[in-house]
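Right, one structure below, let's go through it.
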Amino acid sequence: MGTSLGFQRFHPEGTNDLEHDTNSTQSAMMNPTSHPLGTSPREQGEGAEGEPRLNSSTALHTRGAGEPRANLRTLPSVFAGAFFVFVCFVVSTCTAADDLPAGFQRIKGKYIDVITDLPLDAEIRSLPTVFDAAMPRWCEEFDMDLEDVADWHIEAFVMLRRDEFKKAGFIPSKLPAFPYGFQFGNQVWVVEQPSPYYRRHLLLHEGTHWFMNRKYGDHGPPWLMEGTAEWLGTHRWDGKNLTMGIIPKTKVEVEYWGRISLIQKQLVDGVAPSLEEILKYDNKAHQNVEAYAWSWAAVSFLKNHPGTNKAFAELLKQKMTSDQTLTRWLFRKLQSQWPQIRSEWNTMLTELEYGYDPSRGMLAMSRIAKPIGDKPITLELAADRSWQTTGVKIAEGDTVTIQGNGEYSVCDKPKPWRCQAAGVTLEYYRGEPLGKLLMTVAVSQDKEQFSQPIEVITVGEQLEYTAKQAGELHFRINESSGGLGDNSGTVTVTIRKQ
Ligand SMILES: [Zn+2]
């Protein structure tokens, strides 16, 4: 304990995905030594609605077991807490004022007390349940047992009228002005959001900072902290079950989140950062909302891709430091694959949309692909998987003939649609018939460049193709990755060099 790190960032992360993606962030640096209790804050934020707003949260060092809580304000005494529990039995709302000034109410969970000035509707009352449900997931992600965290506890201020919280002394004057969310020690602040989803998202984002800071006693590089908090903050809650780390199926289920729309727009605009640029974000990068989206995408890629997931899991077992030590460690670990990773990353971004499902497979280049020879090559490709490698590479200027044969089905309800390599014209996806055979030539990229969509080539039943550059051939059928799960059968692909 006592190490101090100290920077804090605010982020605006919010984007209003329903109507407009927006947000802006601000960040501020704090002198590490200025934090009381030797904690270092971290933050993040998200904006919503059309206004640029920021959320900020801070993560810090937290107390060790047995130490007093590192709260910035006086905690209610044990006796007051006991009294409160008693009162809860008497007052059915379980939100008696206990030690709180008028206008505030407390809702207690196992690991969290939520203090709010909002009317206690079902959504607000469910916040402690949501947070408590996140604890096993955080434990799983960060290799902890529930027993290890049995005495961990946090106070969350969910604020409609921020000034009232200030007046009541709930926002320490040492905290910077944060727009959305903030975490500091065993406390988090969440500014009221226009959607219940986004309110929970912020709470889980800040909660992830809190958990990581307690686990690691420090925090890692910006992309990792914010990307992980965003990744675990993105969730599905049905009133009973919490699923964290989802890729949303629709915009509607994550109102005001907006990450995917922002990434898609920047890809189209040609201003998408390279993966390396994201991993090198400094402490101020998350002043801009897009840094949250890209950090989320980077973590989603590294966690899911078969070529990087082991290294990422190992990364989370390392000692955290807020400089670039861990990022350099990751670069070294993946150095030999990096030219291929650039291409694999671009492929994920090309596929990324609401409902994207990396479990359907992610394009993974062969470590050593074989040059195509004179003998025809025949492969069976699964209709229910995303990009599948051939292990065959072609050289620039090579001309190949590709044929797609066989019958497979797309969709299974109400009845399967039988489909051949030309696809079915009952439905189109990205401008081509559903189920049509597609190809891409995955190119190892020796140099860093902006992230950009990959070239997807429509094959159908037959195509003669001359390679514009050398690369490895990959195939799939035309459908969103989220829609592949109900397909069945295979397509036979034959490749002949001319
Ligand atoms: Zn954050």
If you stretched the chain out fully between D323 and K174, how much longer would it get, using 0.36 nm times the residue separation minus the C-alpha to C-alpha distance? 51.3 nm
Over 22 Å [Cα-Cα, the stretch 344-437], rounded percent: 41
Going by amide H atoms built from the backbone, whose H comes under 5 Å of the H on T321, apart from near neighbours? L326
Quick one: I171, I124, fewest Cβ neighbours within 10 Å first, how do they rank? I124, I171
Listed residue (L434, S451, S409) projecting farthest to the positive dipole end of the stretch 359-497, Cβ model: S409
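Could you work out how much longer the chain between D143 and N309 gets when fully extended? Use 0.36 nm per residue separation minus the Cα distance between them, nm to one decimal.
58.2 nm
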Footprinting exposure proxy for D412, D99, D121 (fewest neighbouring C-beta atoms within 10 Å first): D121, D412, D99
Length gained if S336 through W417 is fully extended, taking 0.36 nm per residue and subtracting the Cα-Cα distance, is 24.9 nm
Please arrange V459, V252 by counting, for each residue, the other beta carbons lying within 10 Å of its beta carbon, fewest first. V252, V459
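Give the peptides 484-494, 239-249, 280-290 in descending order of average Cβ contacts within 10 Å, highest first.
280-290, 484-494, 239-249
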Packing-based order for 358-364, 433-439, using average beta carbon neighbours within 10 Å, highest first: 433-439, 358-364
Along the stretch 256-263, Karplus-curve 3J(HN,Hα) (6.51, -1.76, 1.60; θ = phi - 60°) to the nearest Hz, with x for Gly and Pro, reads 6, 7, x, 5, 5, 4, 5, 4
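No value in this document is a laboratory result; all are computed from the given coordinates. Keep in mind that this is a model prediction, so the values were computed, not measured. Don't worry about glycine lacking a Cβ; one is built from the backbone with ideal geometry, like all the others, and counts go over all protein chains shown.
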